[in-house]
Amino acid sequence: MKSRFLLFMVGGVILGFVLGALFPSFSEETSFVGELFLNALKMVVLPLITVSIANAIFKMETVERFRQIGVRALLYYTFTTALAVVTGIAVVLLFKPGVSVPFSGSEFHREITFSFKDLILSLVPSNIFKAFVNFDVLPVIVSTILFSLAFLSIDWNRKTVLRQLISELDAALLKLTGWVIALAPVGVCSLIATKVAQMGGAPALKTLFVSLGVYVLTVLTGLFIHGFITLPLLYFFFAKRNPYSLISRVKEALLTAFATASSSATFPVTLSKSIAAGIKREVAEFTLPLGATINMDGTALYEAVAAIFLAQSYGIELSFSQYVAVFLTATLAAIGAAGIPEAGLVTMVLVLQSIGVPTEGIGIILAVDWFLDRCRTAVNVLGDIIAAVISSQLEERDGRVSP
Ligand code: ASP
């Protein structure tokens, strides 16, 4: 039953490409099927994020526990993001994709502004409801953590009612998520077919694999190394288990990430599959929402590759200190990117500005970003899951959660 479902998922992805390329108008006419699936996922996301974080923090029992798990997770996220950027820099220097695509005029007219000051200011929402309405995940997470910590610090005897309510809501939301996941094969197929059709059907695939082929290959190689070698090695080092069997157990989450191009929209699937794969619930419920929002290894790698690719295509020689600037800004830009489609393109402005590459260069890579966005989102989600397993294992090892 389980393997049949996986087969449907993989079949959905392949069929999506075929339908979008060969029957673009049919794919666009039936795009509501994918939208319905995406709506259903999004419907669950914010309630699930709030309830699961609250549930996880209530189970931690003391603020000290929260601090330990939180600090460990943040250190790990920064470490893996930095590793991803280094991989990105290495592959782009090796493949030199920009040399074969000299810059030929700008087609990029989107007004992009991004500043870290605004990001930091937005962390604490002045109006919680507005943060929910605007789907601003990071402020929702920050306020949920603050409220839950306040709850953790009050008199013990008054806690039972809310605790029970949250724990029951959590169980119900995961049940609901299971129903949404059942729609995934069809939803995934329609989302991909629609996107391929919107990008122009079969000719879009030609741009992807021919005109910008070397660039696409460079990004894919980097993502492959990080997702299938570096992260599995880290997992093996910390958890002493077979990483590829974990990857195969959470495949549905990776395919959903590929189809939606959004770590946040994928979150319900990520959480439910991770718990099913044996990650301790209280650790998963805290680290996964946080990871889906700030831990973006794929995005970090991508931003480094894209920025250096554009520098190469503009004929700009980068100095060692400019590579260091790429390293630092790509790491920060990935942390600042929201878990939504093409968020990485917005924060990439920061990386480009740090090395003096004109931002309109983004126009060159826009034609293939729809595809690369999906691939980096899958690696983002994989990074979150592996972080959660390692965190869960370390907590077990330290005897802080029952094995
Ligand atoms: N789409 C990515 C995500 O949701 C972010 C990005 O654009 O890189 O994880």
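Numbers at a glance
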quantity: Any hit, segment 265-284, residues being at pLDDT below 95 and aromatic (Phe, Trp, Tyr); calculated: no
quantity: Test: Ile386 is under 14 Å from the mean Cα position of the chain (by Cα), more than 10 Å from the ligand (Cβ to nearest atom) and either at pLDDT 90 or above or β-branched (Val, Ile, Thr) (or both); calculated: yes
quantity: Residue under evaluation Glu396, criteria (1) without any contact (Cβ under 8 Å) to a residue 60 or more places away in the chain; (2) more than 16 Å from the ligand (Cβ to nearest atom); (3) part of a helix (DSSP H, G or I), criterion not met; calculated: (1)
quantity: Hey, Asp373 among the acidic types (Asp, Glu), assigned to a helix (DSSP H, G or I) and near the ligand (Cβ under 8 Å from one of its atoms) or not; calculated: yes
quantity: Count - residues of segment 232-260 that are over 11 Å from Val381 (Cβ atoms) and within 16 Å of the ligand (Cβ to nearest atom); calculated: 1
quantity: Residues located in segment 292-330, provided they are in a helix (DSSP H, G or I) and surrounded by fewer than 21 Cβ atoms within 10 Å (Cβ to Cβ); calculated: Phe320, Ser321, Gln322, Tyr323, Val324, Ala325, Phe327, Leu328
quantity: Odd one out for Glu317, checked against (1) within 13 Å of the ligand (Cβ to nearest atom); (2) among the acidic types (Asp, Glu); (3) over 17 Å from Val250 (Cβ atoms); calculated: (1)
quantity: Residue check, Thr113 at pLDDT below 85 and either over 25 Å from the mean Cα position of the chain (by Cα) or acidic (Asp, Glu) (or both); calculated: no
quantity: Residues being outside any helix (DSSP H, G or I) and crowded, with 18+ Cβ neighbours inside 10 Å - total across segment 346-364; calculated: 2
quantity: Lys175 over 21 Å from the mean Cα position of the chain (by Cα) and farther than 21 Å from Pro268 by Cβ; calculated: no
quantity: Residue match in segment 68-80 (condition: more than 21 Å from Arg397 (Cβ to Cβ) and outside any helix (DSSP H, G or I)); calculated: no
quantity: Number of positions in segment 129-148 that are modelled with pLDDT of 90 or more and closer than 17 Å to Ser52 by Cα; calculated: 11
quantity: Those residues of segment 346-363 which are without any contact (Cβ under 8 Å) to a residue 40 or more places away in the chain and within 12 Å of the ligand (Cβ to nearest atom), in sequence order; calculated: none
quantity: Single residue of Val368, Val379, Val346 found to be modelled with pLDDT of 95 or more, within 28 Å of Ala202 (Cα to Cα) and β-branched (Val, Ile, Thr); calculated: Val379
quantity: Condition check for Thr266: within 15 Å of the ligand (Cβ to nearest atom), touching a residue at least 40 places away in the same chain (Cβ under 8 Å) and surrounded by 24 or more Cβ atoms within 10 Å (Cβ to Cβ); calculated: yes
quantity: Exclusive hit being over 20 Å from the mean Cα position of the chain (by Cα), closer than 24 Å to Leu255 by Cα and either within 12 Å of the ligand (Cβ to nearest atom) or surrounded by fewer than 23 Cβ atoms within 10 Å (Cβ to Cβ) (or both), set Ala367, Ala343, Ala334; calculated: Ala367
quantity: Those residues of segment 174-203 which are at pLDDT 90 or above and polar (S, T, N, Q), in sequence order; calculated: Thr177, Ser190, Thr194
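The values are calculated or read from the model by the stated rules, or taken from the named source; none is laboratory data. Only a predicted model underlies this, so the values are computations on that prediction, with no experimental measurement involved. Reconstructed Cβ throughout: ideal geometry from the backbone, glycine too, with neighbour counts over all protein chains shown.
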